[in-house]
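Let me give you the structure first, and then I'll get to my questions.
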Amino acid sequence: MSGWAVEHLRLRLGELHRTLRLAVARQAEAAALLTRPDLTPFCVTDEQVGALLDRVDAFAAAMTGPPPEPVPDPEPEQQLRHRAAAEGATLPLDALAARFGLTRAEQDALLLVAAPELDAGYERVYAYVVDNLNRRAPSVELLVTVCGQTPPARLAIRRAVGPTGRLRRLGLLLAYGDSPSEAARDLALGAGVFDFLMGWGGDVGLVGHDPGEVAEPGPEAVGPYLPEERLPRLGRALAAGDIDVVGLWGCPRDGQADVARALARAAGRRLRRGTGDLDGDLRLAAALEAVLWLPTDDLPTRPDALLLRSAVPLCLTGTTPWRPAELLAARTYAELTIPAPGFPERRAMWSAAFPVLDGPVLEDLAARYRMTGGELRAVAAVAGTGARLSGNGRPAPLAEHVEPAIATVTRGRTSHAVQAIVPRRSLDDLVLPEAQLNQIEEIASAFRAWPRIAESWGFAGRSPGGIKALFTGEPGTGKTMSAEVITGMLGLELLRVDLSQVVSKWVGETEKNMETVFQQAENSHAVLLFDEADALFGKRGEVKQGTDRYANLEVGYLLQRLEASDGLVILTSNLKENIDPAFTRRFQFVVHFPRPGAEERRALWRQAFPPQAPLAGDVDLEALCRLDMTGAGITAAARAAALAAADEGSPAIGMRHVVRGVSRQFQREARLFRPSELGPYAGLLPDNGIPG
């Protein structure tokens, strides 16, 4: 690559040398009228500049060794491109021009600034051109003089290399030093530009960057705000000058760029984002006739005085409104609250991102996931990459990679307050009475159907929020496992709340921690599980001391937050009576998990031993299923039996190992284990229930 890059620079510098000679000739004509012999020691003479030009000509010609052999093609630069392309190479200067849309004049300006890096002789030539031996560095005046042959061309170059020009905005050129005028500003290449031009490696995306530019997204996903009629109307008013500040409120942070872009498109203007240098941001936006976008969630309460004096069109976005009285009084302000996307809008967004998916699949995705445009674009990109990588020479069906892409984009956003659980159990793993199994399936179906019912049928106004379920029953009866199964049926992630990290003795901290938990579940599109929820959702008591009042306030907050959540929230409790009745009224489903009967215990014992476990023939599951044990107790007893067999070096798990495991489990539960319960196997239990 370096060889092609250097050869390209040699050709382009040859062209620039002709331009330099013209600039030198013009300066020589002007200098001839002013030449004084007594000043020649202090200036660059005509003879010296001629020799210097011969020197840099010779240097450029020798950059790639011997001159190339003559070719019949009258356009050597184009031929060089073809030769490089034949070897799979792209000329670095061409790559830079294509990436940032640089004109030929801007490319020439870049090369003139780069030239002194190749040979110091250019510096004295530049000093001659600007008629000042103390100004040897490339400058705005030099580029205007060399590249602009006519007054209009000079003005165009002056703007192109000025502070609002593309080269300076992208950081390809840097201005430095103090100068009383912009024309006298010295210029240097940005970091990495010279190495990139020489073909010595580098990433074109790292060479130049405009921090304030807001680019249009690649795969466009329809936003829920585009059909909103008021947004285009505000854009037209902004373009006409009827208003100059627009507030767009209510969007999550990830979706604010989409609404700002939509407003700028409606106004027919470019969009620039604030970079922290408000003065520079306002000047650039004014020069480029752009709308300046300022996210307000982290702005101070009082506006900067520059915002009050400026007339640059502003787009303000935030999750909550930011309305300083000084700004509203000084500017012409209008606002719009962006509603959360409803089910039809979400379906349209999914359809735009994945046009290959059919209707039922799109409806299911729209029901389960409330994604912003940015998240949807990420899912589409990850799914497309997965399809390309898994195909054997041809892309695999995109639909097969949508769910894994959703998991990649949305999951793993854990914190100290929640534990992320990827569901691994299915409905076949649940051993429950038929009534409870039907309720579990009904919860999953209800969550899928609720968005359509709530929004298309109008139930959202009467029953706000999502689906809430309460699981009650003794420990080990399958409450947590059922939550995992429901989550797996929905293809979501389960977030189990760590109550030790949420509940705080400090006033107000519990509410803050809970808000973080709910936000995390909603942002991750996850099912939220409060295991052993009595500590948080317990009954409110009579206020007898100060702490009682704050405890009741926590419960009041949880009531409001639980009702407002649009997701699926599951609470588990050992006793339904422990939960405050105000919470119980908000649950669409209350499922009681009884202790398993004989049939359920038989199935649980079969599941407790994996197929590959060496189970001896004397293990009597019929005798074991008569023991009153929960599913968790049976699983623990089977594990203890396996450990006992392995400890003895036994090749198989025998009935005596299982009896020992059951006995130890009864001990852990502080229950009396009567030998009579084992029938003919009572002799395997030594010392009347005390395991040996």
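Zone of residue 599 (label point 7 Å along Cα→Cβ, backbone N under 16 Å): which residues in the range 425-439?
430-439
Using a 7 Å offset from the Cα along the Cα-to-Cβ direction at both residue 650 and residue 574, what is the distance between the two label points in nm, to one decimal?
Those two pseudo-labels are separated by 3.2 nm.
Could I ask something else about it? Can you list the equivalent-ellipsoid semi-axes of the chain, largest first and in whole Å, using the square root of 5 times each Cα gyration tensor eigenvalue?
72, 34, 23
Before anything else, pin down the relative contact order of the range 598-689: Cα pairs under 8 Å, at least 6 apart, normalised by residue count, whole percent.
Computed value for the range 598-689: 27 percent relative contact order.
Please give the Cα centre distance for the range 298-317 versus the range 385-458, rounded to the nearest Å.
The range 298-317 and the range 385-458 have Cα centres separated by 43 Å.
OK, next. Relative contact order for the range 156-195: what percent, with Cα pairs under 8 Å and sequence separation of 6 or more?
30
Another question about this same structure. Expressed as a fraction of 2.2 N^0.38 Å, the rule-of-thumb size for a compact globular protein of N residues, what is the C-alpha radius of gyration of the range 230-337?
For the range 230-337, the normalised Cα radius of gyration is 0.94.
Could you check the simple spin-label distance between residue 427 and residue 104, using points 7 Å along Cα→Cβ, in nm with one decimal?
Label at residue 427, label at residue 104, 7.0 nm between them.
Can you put 684, 102 in order of Cβ neighbours within 10 angstrom, beginning with the fewest?
Lowest count first: 684, 102.
Moving to a separate point now. Between residue 270 and residues 5 or more places away or on another chain, which pairs have amide H atoms under 5 Å apart, with H built 1.01 Å from N, and which residues are they?
The list, which skips near neighbours in sequence, is 291.
Moving on. What FRET efficiency comes out for the pair residue 288/residue 607, r = Cβ-Cβ distance, R0 = 45 Å, nearest 0.05?
0.10
Of all beta bridges DSSP finds with both residues in the chain, what is the antiparallel percent, to the nearest 5?
The antiparallel proportion sits near 25 percent.
Right, something else. Report relative contact order for the chain in percent, whole number only (criteria: Cα-Cα under 8 Å, sequence separation at least 6).
In percent, rounded to a whole number, it is 8.
Between residue 179 and residue 200, what is the spin-label point distance in nm, taking each point 7 Å from the Cα along the Cα→C-beta axis?
2.6
Quickly rank 394-402, 518-526 as a protection proxy: mean count of other C-beta atoms within 10 Å, highest first.
518-526, 394-402
What ranking do 602-614, 252-264 get when scored by the average of other Cβ atoms within 10 Å per residue, highest first?
252-264, 602-614
Work out from phi, with θ = phi - 60° and the Karplus expression 6.51 cos²θ - 1.76 cosθ + 1.60, the ³J(HN,Hα) of each residue of the range 325-338, listed in order in whole Hz, and give x for Gly and Pro.
4, 4, 5, 5, 6, 8, 10, 9, 10, 9, 9, 8, 8, 7
Using the count of nearby Cβ atoms within 10 Å as a rough guide to exposure, how do 379, 591 rank from fewest to most?
Neighbour counts put them in this order, fewest first: 591, 379.
Can you tell me how much longer the chain between residue 328 and residue 643 gets when fully stretched, taken as 0.36 nm per residue apart minus their C-alpha distance, in nm with one decimal?
Roughly 106.1 nm would be gained on extension.
A follow-up question, please. Classify the range 164-219 as rounded, prolate or oblate from the Cα gyration tensor: take a ≥ b ≥ c as the square roots of its eigenvalues, call it rounded if a/c is under 1.5, otherwise prolate when a/b beats b/c and oblate if not.
Because a/c hits 1.5 or more and a/b fails to exceed b/c, the range 164-219 counts as oblate.
Can you sort 512, 468 by how many other beta carbons sit within 10 Å, fewest first?
Fewest to most other Cβ atoms nearby, the residues stand as 512, 468.
Hey, another quick one. In what sequence, highest mean first, do 139-152, 473-486 appear when ranked by Cβ atoms within 10 angstrom?
So the peptides 139-152, 473-486, ranked by packing, come out 473-486, 139-152.
No value in this document is a laboratory result; all are computed from the given coordinates. Everything quoted here is computed from the prediction, not taken from an experiment. For neighbour counting, all protein chains shown are included, and Cβ atoms are generated from backbone atoms with ideal geometry for every residue, glycine included.
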